[in-house]
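The values are calculated or read from the model by the stated rules, or taken from the named source; none is laboratory data. None of the values given here were measured: they were computed from a predicted structure. Neighbour counts are summed over all protein chains in view; Cβ atoms, including those assigned to glycine, are modelled from backbone coordinates with ideal geometry. These area figures cover heavy atoms from the full protein model, side chains too; ligands, DNA and RNA do not enter into them. Shrake-Rupley method; radii C 1.70, N 1.55, O 1.52, S 1.80 Å.
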Amino acid sequence: MSQVIHFHPDADFKARSLAAVQDPGQRKNFRGAMDFLQDKRRVQFPDQLELEGLRDIGSAIRRNSLARLPELLVQLETRMTANGIQVHWAATADEANAIAIEIARRVNARTIAKGKSMVSEEIEFNHAMKAAGIEAFETDMGEYIVELAGEKPSHIIMPAIHKTKQAIAALFAEKIPGVAYTEDVDELIKIGRQALRRKFADADIGLSGANFLVAETGTICLVENEGNGRLCTTVPRVHIAVTGIEKVLEKLEHVLPLYSLLTRSATGQSITTYFNLISRPRQPGEKDGPEEVHLILLDNGRSQAYADEQLRATLQCIRCGACMNHCPVYARIGGHAYGTTYPGPIGAIVSPHMMGLDATYPLAFASTLCGACVEVCPVKIPITDILVRLRNEAQARPETASLRGSGAGRSKLASAFWAGWTLVYSRLKVYRLTSWLLSRGHALSPIEQGAWTYSRTALKPAPKRLRDLLKDRKP
Amino acid sequence: MGLDKTQGRVYPPKPRDVYLYATCLVDQFAPEAGMDTILLLEREGIRVHYPESQTCCGQPAYSSGYPDEARAVASRQLTIFPEPWPVVVPSGSCAAMMRHHYPQLFAADPLLLARSQALAERIFELTEFLVHVVNFKQPDYGSDCTIALHTSCHARREMGSHETSVALLDSLAQVTVVQQARIEECCGFGGTFAMRYPEISEAIVSDKVAAIQATSAERVVSADCGCLFNITGRAARLDEIAQLDTPSLAGEHIASFLLRRTSKATL
């Protein structure tokens, strides 16, 4: 559940990832789920040229929106205010929660029905509401499952992807009164739905995230499959949407290509079951809809990424999760090992701005830089280049540090190693000597070679280097 | 990334002379791959020049987050190719470093940036060079064999060399290339990643070894020594654990494999 995480970043990440790779059941689950999601996405993009064209458009729209972010946010607020939506600005997670609590107190709310929102996870919304005496409960099936289990989401799109149907069957039988153990997936969904639907009627506030915000129309766009998002935003008296400042788009027409890229990249759907466009509260004469609509716009470190020319691209993300679905590391360790709200490659590059690089730098190194994420990213975020930049920052000297927590990963031992490496490979005489010594002493090369021989046989230098063979060859 | 990186690249006619940038791994650990690259090119009537002052492309420091150290080493490689000849690299990873990442590394220094851009234009990964510049076509003298091809991630996604490796292997009449499961997935090496997170690296490479061994391939061929050492080193360790006397998975650099198959004498 929500708790303060105390980081000993390197040791903590190592311990969590080690536990994950040593759990064969979990590895099999993740492998199966990732294969399934990769196949679903592949089917959606049969034409490589169409995909590349769409990615170019998606990337251009996001870069354009970010280039004009300050003015678009002002336009959004003006438009929304005119429409009757109340806009709030939160610099931190605490500020965002305080705004929600203030609204809840003013309308005497006791319960909040939540649609799926990763930003609400980011700000530990449920925890903050509980501390304020307000009950917030999940209505998204995946979120409901992890909430029942007392866990956190392991994936940004499919929060309970780490759970097998057997685990969910046991969980429902244990936690939901009157439910018998069943592994029938349709039956399990029915049980979950029944438990969830009962709660909507009583909720005072509905909380949602937002997939896109449209500046020209003052609209909140919400993409979902279960219908709980629509219920959360229409049944309770008050609707609060919470999202990051980067989600704004200039025009309504910009939504369509991004929506298409999002659903096809995320779940391999050509379109979702529900797509909600929310532009105003209930108007006189309308039969449903909330009396009040609020939008909380959260910074929480995003402006640090925004201020940096290279790192700004991090904010192009539309949260499809394709990067984690295709990541060889995520597939082996799962989402929980990252220890952040957002796991996987996108988590590694966005979390440093939210939590500080000092708490998150190991994640920048937890990548083979294979580029599978870059290849599938629908908005073409140069994730591997950003990972390399964060590695530079993690080990930066104080005078070149530019991010919160820069330099936290600097170690004297590693710096000394790389100084030695530089000496060998930048001084020809030194390289000639050391490589000659290695080849002459090839028979003496150690059997134990640290992390390399942790799982491989030792590397042996050749008795003669290529340069020696070429010397021998010349007449 | 995404589409073949070689698309749109204009290739020169077959030159009389080329430079070989053999890479530090080949020089120290796999000189036969470098030698076989030279023999392959010479057989095509190309003179191969090996600048003795070459060391390492700088990628280890670059990808580990030590850009100053990477620049100190990479800048030395910018000056060792004085003639305007193509530079052939028998490693997709190092070729991608010199072709795509040198200009990023030297972005802040106009002189070195210009030099790195000029060099980047002349960098060719070996299989790319053989297909697009040499128009490599040699008879296959070997008997029937089935192999697996592993293309490094940088070769695949930044140099487009999976297609060129496949084209070369497909041109060998008696060679069948299998399609192992998740062929496009990383082998788990990732340079210092394998050093920093050996357990995760082991999980990834073990799956790669299993995927190749689940096919009927007699060996794995690759244009990158880093991946080859990782995959065959893991397979050999698993052999030790299983107390096998003969290696269950052999590896061979694509230059050596191509030369062996297309030479009468060495078979």
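Key figures for this structure:
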| item | result |
| --- | --- |
| Top-ranked residue of the stretch A:392-418 - restricted to ones that are at the interface with another protein chain (Cβ under 9 Å from one of its Cβ atoms) and in contact with a Pro (Cβ under 9 Å, 6 or more places away or on another chain), ranked as farthest from B:G92 (Cα to Cα) | A:G409 |
| Subset of the stretch A:419-433 (residues that are of a type in the set (F, W, Y) and more than 9 Å from every other protein chain (Cβ to nearest Cβ)) | none |
| Complete set of residues in the stretch B:71-86 that are facing another protein chain (nearest Cβ under 9 Å) and open to solvent by 20 Å² or more (accessible area, probe 1.4 Å) | B:A72, B:S75, B:R76 |
| Residue match in the stretch B:240-260 (condition: within 12 Å of chain A (Cβ to nearest Cβ), part of a helix (DSSP H, G or I) and under 29 Å from A:Q22 (Cβ atoms)) | yes |
| Evaluation of A:D204 against (1) under 24 Å from A:I101 (Cα atoms); (2) open to solvent by 20 Å² or more (accessible area, probe 1.4 Å); (3) at pLDDT below 95 (one fails), failing number | (3) |
| Qualifying residues in the stretch B:7-43 (those that are away from chain A (no Cβ under 11 Å) and in contact with a Phe, Trp or Tyr (Cβ under 7 Å, 6 or more places away or on another chain)) - the one surrounded by the most Cβ atoms within 10 Å (Cβ to Cβ) | B:V18 |
| Failed condition for A:V179, given (1) buried (at least 19 other Cβ atoms within 10 Å of the Cβ); (2) in contact with a Phe, Trp or Tyr (Cβ under 6 Å, 6 or more places away or on another chain); (3) among the aliphatic types (A, V, I, L, M) | (1) |
| Per-region count, the stretch A:434-448, residues of a type outside the set (S, T, Y), at the interface with another protein chain (Cβ under 10 Å from one of its Cβ atoms) and within 23 Å of B:T192 (Cβ to Cβ) | 1 |
| So A:Y361, is it outside the structural domain of A:N211 (by TED's automatic domain parsing), surrounded by 24 or more Cβ atoms within 10 Å (Cβ to Cβ), within 12 Å of the chain's Cα centre (by Cα) and within 24 Å of B:P198 (Cα to Cα) | no |
| Selected residue (only one of A:I168, A:I145, A:I161 is crowded, with 19+ Cβ neighbours inside 10 Å and part of a loop (DSSP other than H, G, I, E, B)) | A:I161 |
| Number of the condition not met by B:D68 [criteria: (1) within 22 Å of B:L112 (Cα to Cα); (2) at the interface with chain A (Cβ under 7 Å from one of its Cβ atoms)] | (2) |
| Residue check, A:D39 outside the structural domain of A:N228 (by TED's automatic domain parsing) and of a type in the set (D, E) | yes |
| All helices (runs of 4 or more DSSP H) inside the stretch A:393-475 with 3 or more residues being open to solvent by less than 40 Å² (accessible area, probe 1.4 Å) and not hydrophobic (A, V, I, L, M, F, W, C) | A:412-426, A:428-440 |
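Conditions tested, residue by residue: (1) within 11 Å of another protein chain (Cβ to nearest Cβ); (2) within 19 Å of the chain's Cα centre (by Cα); (3) within 14 Å of B:G251 (Cα to Cα); (4) open to solvent by less than 20 Å² (accessible area, probe 1.4 Å).
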site	(1), (2), (3), (4)
B:T176	no, no, no, no
B:A181	yes, no, no, no
B:C186	yes, yes, no, yes
B:G191	yes, yes, no, no
B:P198	yes, no, no, yes
B:S206	yes, no, no, no
B:V209	yes, yes, yes, yes
B:R219	no, yes, yes, no
B:C225	yes, yes, yes, yes
